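Single-structure report; data block below.
The values are calculated or read from the model by the stated rules, or taken from the named source; none is laboratory data. Because the structure is predicted, anything quoted here is derived from the model rather than measured. Glycine also receives a Cβ, built like all others from the backbone with ideal geometry; neighbour counts cover every protein chain displayed.
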Amino acid sequence: MGGEIQELPLSREKTECCSFGGVMWLANKPVAEKMVQQRINESPLDYVTYCAMCRDFFARKGKRTLHIFDYIFGGTESDLAAAPAIGFSQRHENRPLERKTT
């Protein structure tokens, strides 16, 4: 797709969680906030994630972040990396309410 990727030092098998795994963001919010900030501080570059929760946690803190599908499918918005995080309600509204069968 023509993009250049620089992986974070802690990636692949050593990837650190954004705090969604294990529901830390609910169990211990101060530690979760610290984890998110540590991940953000690893690079000044925009991030691309495959985890929607990582994307939202980073975006809430002002980190320019794309979900991999934003990168692949693009859309018409000129700066998707700056799009705000969505909340729980919006995430559910974005899901299809009914599946049609043939």
Kindly indicate the residue of the stretch 54-83 that is within 12 Å of the chain's Cα centre (by Cα) and outside any helix (DSSP H, G or I) and also modelled with the lowest pLDDT among those meeting that condition. ALA83
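When you scan the stretch 31-53, how many residues do you find that are among the hydroxyl-bearing types (Ser, Thr, Tyr) and modelled with pLDDT under 90? Give the derivation first.
Taking the stretch 31-53 and keeping what is among the hydroxyl-bearing types (Ser, Thr, Tyr), we get 43, 47, 49-50.
Then drop every residue that is not modelled with pLDDT under 90, which leaves 49-50.
Count: 2.
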Yes or no: the stretch 21-38 includes at least one residue that is surrounded by 14 or more Cβ atoms within 10 Å (Cβ to Cβ), part of a helix (DSSP H, G or I) and either in contact (Cβ under 8 Å) with a residue 60 or more places away in the chain or under 11 Å from the mean Cα position of the chain (by Cα) (or both). yes
Can you spot a residue in the stretch 10-20 that is touching a helix residue (DSSP H, G or I) at 6+ places or on another chain (Cβ under 9 Å), surrounded by 11 or more Cβ atoms within 10 Å (Cβ to Cβ), at pLDDT below 80 and small (Gly, Ala, Ser)? yes
